[in-house]
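Presented below is the structure to which this report refers.
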Amino acid sequence: MKSVLILFLLLSTAIFAQTPPQPYGALPSKRQLAWHDVEVYGIMHFTPTTFENKEWGFGDADPKIFNPTDFNADQIIKAAKAGGLKGIVLVAKHHDGFALWPTNTTTYNISKSPFRGGKGNLVKEVEQAVRKNGLKFGVYCSPWDRNNPLYGTDKYLAIYQAQLKELYSNFGELFMSWHDGANGGDGYYGGAKEKRSIDNTTYYDWKNTWAITRKMQPMANIFSDIGLDIRWVGNEDGHAAQTSWATFTPMAPDGKSVAVPGQANYPQSPEGIRNGKFWMPAECDVPLRKGWFYHPNDKPKGPEELFDLYLKSVGRGAGLDLGLAPDTRGQLHDDDVTALKTFGDMVKHTFEHNLAKNASVKASNSRGKKYDVAMLLDGKRESYWATQDDMHQASLELDLKTAKTFDIISLQEYIPLGQRIEAYTIEIFENNAWKKVYDGTSIGAKRLIKLDTPVTTNKIKINITRSPVCITLSEIGLYKKAG
Ligand code: FUL
C-alpha cells in the first residue's frame with residue numbers, strides 16, 4: 001500500500017511538473033504577438049508636403065506640385081529591407097489632407113495630380129512593392145485634415161471613417177493602423193484659412209471608429225499614444241526607458257483613466273506601468289533624418305546611432321519605427337540607402353551566430369522535461385525553460401566549453417504567459433572568480449544588454465532574483481557587436 005502511494009505521488013508530481021505555468025498579469029493578443037515578431041519597421045511620409053519642403057502641409061498646396069520625377073516604390077522598399085525593416089506603415093493621408101489613393105471621399109487626392117497622368121494609386125504601388133519584398137503593410141490616415149472644408153463640423157467623421165474603410169478594404173491584410181492624437185488647429189479648410197478646434201474626447205468617436213478597424217482588419221495593431229494595441233513611447237527620439245514594461249494603463253496626468261488619444265500621461269510612456277491593466281508595448285518612432293519629410297539639407301542618422309537606437313527600443317522589448325522620407329524624385333536618397341544597408345548589415349552580422357549555442361546549461365530549478373534548459377538555446381521563441389510554481393528565484397549557469405568574447409547578452413521571456421521577471425544579475429567567470437557585469441530589472445519580449453567593453457570568459461551566470469511568480473525564459477544569446 002505504501003509503495004503504491006509513493007508511486008502515485010511520484011507520478012502526480014511528474015504530471016504536475018509538465019503543466020505550463022499559470023499566466024501572469026495582462027497578456028498579449030495574437031495580433032500583438034505577431035507585432036512583437038516584426039521588431040523593426042518603417043513609416044513613410046511622401047505627400048505634397050515633400051515638394052513644399054515642409055513638415056506640416058497647411059492643406060493649401062496645389063495638387064499639381066505632387067509630381068515626383070521618378071517614383072520607384074521598389075527602390076524604397078528594397079532599401080528598407082536591406083535595413084532589416086520587416087514592415088512599412090505608409091502615411092496614406094497626412095495632416096495636409098491629400099489622399100494618396102484615388103477616392104471619392106475628398107477631391108484633394110492623387111487623381112488631381114500629374115502622378116501617372118492622374119491615374120495613379122500610390123498606396124497600391126507601395127503595397128505591392130511591400131508584399132513583393134516580403135514585408136508587412138500598414139497605413140496611417142491622419143484624423144486631422146487641414147484641407148477638408150468640413151473639418152470641425154459633424155459631417156467630417158463620416159468622411160474620415162469612409163477613408164479608413166477604403167484603406168481597410170483595398171490593400172490586403174494590414175499589420176498596423178497608425179493613429180495620432182492631432183487635434184485640429186489652423187488650416188486651409190477649403191479656403192476658410194482659419195483655426196478650427198475640436199473636442200478630441202468626442203470628435204472622432206474613437207470607440208466606434210476603432211470598432212471598424214477591429215471588424216475589417218482584425219490583425220491590424222492599433223497604434224496611438226494611449227494604445228490600444230501599441231502605445232507611443234512618449235518621445236520621437238527612438239528609445240524606451242531602461243526599465244521597460246509592456247503593460248500600461250492609459251491615464252491622464254491627473255491619474256484618471258483615459259480612452260481617447262492625445263491625453264495620456266506621457267512621463268509614464270517610456271517605462272510603461274508594472275502590472276498595468278493592458279498589454280500595450282511601446283513603439284519607438286524616430287525619423288531616419290531630422291524630420292519626417294525629406295529636406296535637402298538634412299542628413300540621415302549613421303549606422304552606429306541607429307544600432308544604439310535598436311538596442312534601446314527592440315532591446316528593451318519595444319518596436320523601432322524608422323521614418324522614411326523619399327525625396328522629390330520619389331526615391332530614397334543614396335545617403336539613406338547607405339545608412340539603412342550599413343545598419344541592417346550591422347544587426348544581421350551581430351546576431352548571426354549565438355556564441356552560447358553549444359553551451360551546457362545548469363539550472364538551479366526546472367519544471368520538468370518540457371520546460372528544460374535545452375529550450376533556452378533551441379532558437380525558438382515558442383519553447384521555454386520554466387521553474388516550478390513556488391520557485392520565484394533561480395540561477396542559470398552556462399558552460400561555454402571554450403572562452404568566448406562577447407559584448408551583448410540577449411534574454412527573452414516567454415511573453416504569452418506575461419511579463420514576469422522584475423530583477424536579475426549577470427556574472428561572468430574571470431580570474432577564477434565570479435564577477436558581476438550587469439544588474440537588470442525588466443526583460444519582456446527581448447532584452448539586449450550591451451556591455452561597455454567586450455568580455456572573454458568560458459562561463460556565465462544569470463541569476464533571476466525577483467519575480468512575483470515562477471519564471472519563464474525562452475532564449476539566451478551571447479553576441480559580439482559587428483563593426
Ligand atoms: C505625428 C505627426 O504630427 C508628424 O507629422 C508625423 O506624421 C509623426 C509620425 O506623427 O503625430
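The values are calculated or read from the model by the stated rules, or taken from the named source; none is laboratory data. Keep in mind the model is a prediction, meaning the values are calculated, not measured. Heads up, the Cβs are rebuilt from the backbone with ideal geometry, glycines too, and the neighbour counts pull from every protein chain shown. Note: areas computed on protein heavy atoms with side chains; ligands, DNA, RNA excluded. Shrake-Rupley method; radii C 1.70, N 1.55, O 1.52, S 1.80 Å.
A few remarks follow.
- Unmet criterion (only one of (1) more than 16 Å from the ligand (Cβ to nearest atom); (2) at positive phi) for residue 129: (2)
- Of all the listed residues (98, 66, 71), the sole one being crowded, with 19+ Cβ neighbours inside 10 Å and either among the acidic types (Asp, Glu) or within 16 Å of the ligand (Cβ to nearest atom) (or both) is 98.
- Selected residue (only one of 34, 26 is over 24 Å from residue 139 (Cα atoms), open to solvent by less than 50 Å² (accessible area, probe 1.4 Å) and either at pLDDT 95 or above or over 21 Å from the mean Cα position of the chain (by Cα) (or both)): 26
- Sole exception among (1) within 16 Å of the ligand (Cβ to nearest atom); (2) part of a loop (DSSP other than H, G, I, E, B); (3) crowded, with 22+ Cβ neighbours inside 10 Å; (4) not charged (D, E, K, R) for residue 284, by number: (2)
- Failed item in (1) of a type outside the set (A, V, I, L, M); (2) open to solvent by 30 Å² or more (accessible area, probe 1.4 Å); (3) under 28 Å from residue 324 (Cα atoms), with residue 149 passing the rest: (3)
- Some residue of the stretch 161-184 being among the hydroxyl-bearing types (Ser, Thr, Tyr), open to solvent by less than 40 Å² (accessible area, probe 1.4 Å) and assigned to a loop (DSSP other than H, G, I, E, B): no
- The residues on offer are 299, 290, and the sole one that is within 16 Å of the ligand (Cβ to nearest atom), under 25 Å from residue 47 (Cα atoms), in a loop (DSSP other than H, G, I, E, B) and open to solvent by 30 Å² or more (accessible area, probe 1.4 Å) is 290.
- Any hit, the stretch 390-406, residues being assigned to a loop (DSSP other than H, G, I, E, B) and open to solvent by less than 60 Å² (accessible area, probe 1.4 Å): no
- Of residues in the stretch 169-186 being in contact with a Ser or Thr (Cβ under 7 Å, 6 or more places away or on another chain) and free of Cβ contacts under 8 Å to residues at least 60 places away in the same chain, the one farthest from the ligand (Cβ to nearest atom): 177
- Count - residues of the stretch 358-389 that are loosely packed, with under 13 Cβ neighbours inside 10 Å and either assigned to a loop (DSSP other than H, G, I, E, B) or among the aromatic types (Phe, Trp, Tyr) (or both): 4
- Scanning the stretch 436-452 for residues that are at negative phi and either in a loop (DSSP other than H, G, I, E, B) or touching a helix residue (DSSP H, G or I) at 6+ places or on another chain (Cβ under 8 Å) (or both) yields 441, 442, 443, 445, 446, 448, 450.
- Pairing residues of the stretch 288-305 that are under 10 Å from residue 325 (Cβ atoms) and without any contact (Cβ under 8 Å) to a residue 24 or more places away in the chain with residues that are open to solvent by less than 30 Å² (accessible area, probe 1.4 Å) and outside any loop (DSSP other than H, G, I, E, B), at Cβ distances under 9 Å and at least 6 apart in sequence or on separate chains, gives 298/287.
- Residues in the stretch 113-131 that are over 16 Å from residue 41 (Cα atoms) and open to solvent by 10 Å² or more (accessible area, probe 1.4 Å): 114, 116, 117, 118, 119, 121, 124, 125, 128.
- Entry remark, the stretch 377-409: residues being within 17 Å of residue 458 (Cα to Cα) and not aromatic (Phe, Trp, Tyr) number 15 in total.
- Residues of the stretch 383-418 that are farther than 30 Å from residue 482 by Cα and under 31 Å from the mean Cα position of the chain (by Cα): 386, 387, 392, 393, 394, 416, 417, 418.
- Cβ pairs under 8 Å, 6+ apart, first in the stretch 260-277 and in a helix (DSSP H, G or I), second among the acidic types (Asp, Glu) and at pLDDT 85 or above: 266/225
- Condition check for residue 137: under 26 Å from residue 282 (Cα atoms), open to solvent by less than 20 Å² (accessible area, probe 1.4 Å) and more than 16 Å from the ligand (Cβ to nearest atom): yes
- Conditions (1) within 17 Å of the chain's Cα centre (by Cα); (2) surrounded by fewer than 22 Cβ atoms within 10 Å (Cβ to Cβ); (3) of a type in the set (S, T, N, Q); number of the one not met by residue 338: (1)
- Look at (1) of a type in the set (Val, Ile, Thr); (2) more than 13 Å from residue 475 (Cα to Cα); (3) out of contact with any Gly (no Cβ under 7 Å at 6 or more places or on another chain) and you find that residue 347 fails only one, number (3).
- Residue count for the stretch 211-225, restricted to those that are part of a loop (DSSP other than H, G, I, E, B) and more than 18 Å from residue 88 (Cβ to Cβ): 2
- Boolean, residue 262 is within 16 Å of the ligand (Cβ to nearest atom), farther than 18 Å from residue 91 by Cα and either touching a strand residue (DSSP E or B) at 6+ places or on another chain (Cβ under 9 Å) or open to solvent by 70 Å² or more (accessible area, probe 1.4 Å) (or both): yes
- When the residues of the stretch 206-244 are filtered to those that are modelled with pLDDT of 95 or more and out of contact with any strand residue (DSSP E or B) (no Cβ under 9 Å at 6 or more places or on another chain), the one that is nearest to residue 419 (Cα to Cα) is 219.
- Scoring residue 326 on the criteria (1) modelled with pLDDT of 95 or more; (2) open to solvent by 10 Å² or more (accessible area, probe 1.4 Å) leaves a single failure, condition (2).
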